1. Loop-only check: which trypsin sites (Lys or Arg not before Pro) in the range 28-83 are DSSP coil with at most 14 other Cβ within 10 angstrom?
2. Please state the charge dipole magnitude for the chain, taken about the Cα centre, from unit charges on C-beta atoms (+1 on K and R, -1 on D and E), reported in debye and rounded to the nearest 20.
3. For the chain, with the dipole built from +1 on Lys and Arg beta-carbon atoms and -1 on Asp and Glu ones, taken about the Cα centre, which of Ser27, Gln259, Gly181 lies farthest toward the positive end?
4. Tell me, what ³J(HN,Hα) does each residue in the range 67-72 have, in order and in whole Hz, if you take phi through Karplus 6.51 cos²θ - 1.76 cosθ + 1.60 with θ = phi - 60° and put x for Gly and Pro?
5. Nothing charged except the Cβ atoms of Lys and Arg (+1) and of Asp and Glu (-1): what's the magnitude of the dipole of the range 145-275 about its Cα centre? Round to the nearest 20 debye.
6. Search the structure for amide H atoms under 5 Å from the amide H of Asn123, placed 1.01 Å from N in the peptide plane, and list their residues when 5 or more places away or on another chain.
7. Given a 1.4 Å probe and the protein chains all in place, what does the accessible area of Glu226 round to, in Å² to the nearest 10?
8. Among (1) 196; (2) 157; (3) 177, find the value of volume of the Cα convex hull per residue in Å³ that was calculated from the structure presented, and write down its label.
Amino acid sequence: MATLTRYTLTCCLLLASLALLLFANNSSRLVVHNLQLEQQGRTSDIAGLPLKQNLIGEYQVSADINPGNHTRLSLRVIPDDELLALSVNGAPVSLSGFSRQALRDYNKGVVIALPQLTPNSLNYVRFTLRNQSNPAGFDLRAGAPVTATQIALALLAFALLLWALARHMPVSRAQGLLLVGSLAASVAYLSVTDSYTRTFDVYEGGGHRDYIHYLVDHHRLPLASEGWEYHQPPLYYAIAALAKSALVDTEIADDRWAQWLALWLWVVFLWASLAVLRVAFRAHRWALWLASFTVCFWPSGIVHSIRIGNDVPLYAFYALGFYFTLRWWRTGATKLLVWAAFWAAAALLTKSNALALWAVLGCLWWARTLHSGRNPLVRLYLRRRSVASLGILALFFTVAVALNLGDNIWYYLKGESSDWLLSNVSTTIHSGLKVGNEPANYLVFDLATFLQQPFISTWDDHYGRQYFWNFVFRSSLSSEFFYSGNPLQWWGIVSGVLLLLMLVGQFYFAAVSNAVLNNGQRLRCVYRALPWLLAIVFPLLLLLAYRIKVPLSCNTDFRYIYMVLVPLVYWSALAFKRRRAGLAALLAASAPAIGVLSLVWLLLLLSQG
């Protein structure tokens, strides 16, 4: 009964936290009323945005907008084909500061600040557009930064979330402070980053947003072949659809709520990752602190923390699964294995990349089975427990695979899909993303390009996209995005050098440490460290197999295996456990140095607005 009460309270705290966070989003909403379309003197009402109609030539869209307590509001206007003019309460707003290309951007649109608004009242806004080929389109999104009210409500929401997580996964006080600092960095990044900026496959046809809205509107799963992301497992989209239906104001005309949901899940990932590091470094304060700092302030992590999509929930469920896997490996407790299998199944129902965690669990089960001891009675008892453990893993894995891939495989066998994993997506990808699939693409690391180019491009060979390791290493820092300005260029180059030093330091420390051990000691060390080894090997093998199966540059992005950052940081932080580690500790310091530089990167980004 006590256990049931404990978990019930945790669930209530989690739900209250999420509800309060999305209520914070509702408190600063963009409310649009009286949408009207006018062309050639004829006026008609618009049921809702986005607008998509067959219109040729000039047309006008007008709306009444309530800015709340603000006298100035930023809007993201998405025209199709072109925005020609804009007025607020009859006064024209100058568009001279925008290029024609920006005013014709029908994917991301253009962010325009509306001045001299009347607070807490309806303000009449009129857009003049031109379309040259059908259909015409128009959409409106909020582009305003995070408000003080949102931050206050979000702080309370995240406090409830951290309370819920601390009840089951303890971290140190210093780790908690680092996590709060990391959360502040993500909120600062969110204040200058809307849902269209530095994201993947959200607004493309059948993207993440369409998947969520399909569930909201139709209450059933879409066919995998009908959308870009519809082949993905359903768990994240079901959670997002339920959250949107139950907690998000229906008048909201933007997707910032989904960014807050991503940040909520990101905090779960960070907390679970810090709990994992505490299991490893509890008796070594400096190693624990430096490793935790690195994970909390890794640059691409800040970028991913607010992205809409199923990557962040994968990270959260994967980290929870690895935490319980590590504890089960150390104790053998069946209850811990059940939780490990449960979260690994949740991860697999979120994204197929979680197969790596199942490979880790399977190999660890096999290693524990072989390591049964010499006493016949003990061996018999452990063998029986091993069979029971296998049954637990098999049950959760079978259910997760069936729910994840069952429909894809069914339509593939019926001939209605071209691929059992990706459905028809692999046949519709732009040919410009294709890269070489020869041994050299995987065995060669172009060091010169890596050191000279601070960022990676999915489209241009000049930045090293042809080489697997170039793309993995570079995207681990800046993902697939470019940043303007010489300071940020230098940030990318220096961070790349530090990453290489971090990796070299791991190999150096491993070589020095193993040099003083005999074969038996080496085997025991490998056995104890097996979870940390496998947690690097299997995600990399999975990413390699994915790139070989579908040789596209974008399929080499580190974001697919971001979870591997925690074991990578673990191997660097081992050097801090030893006194007089010398060169190994100096090289390992490159990892937290990347975190320090991330703060510089963030400040530069905030200064650009």
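The values are calculated or read from the model by the stated rules, or taken from the named source; none is laboratory data. These figures come from a predicted structure and were not determined experimentally. Backbone-built Cβ (ideal geometry, glycine too); neighbour counts: all protein chains shown. Accessible surface is based on the protein model in full, side chains and every heavy atom, while ligands, DNA and RNA are left aside. Shrake-Rupley method; radii C 1.70, N 1.55, O 1.52, S 1.80 Å.
1. Taking the range 28-83 and a limit of 14 other Cβ atoms within 10 Å, the loop trypsin sites (Lys or Arg not before Pro) found are Arg72.
2. 3580 debye
3. Gly181
4. Karplus-based 3J(HN,Hα) across the range 67-72 equals x, x, 8, 8, 9, 9 Hz.
5. My answer is approximately 680 debye.
6. Counting only residues 5 or more places away or on other chains, the set is Ile65, Asn66.
7. Looks like 110 Å² after rounding.
8. (3)
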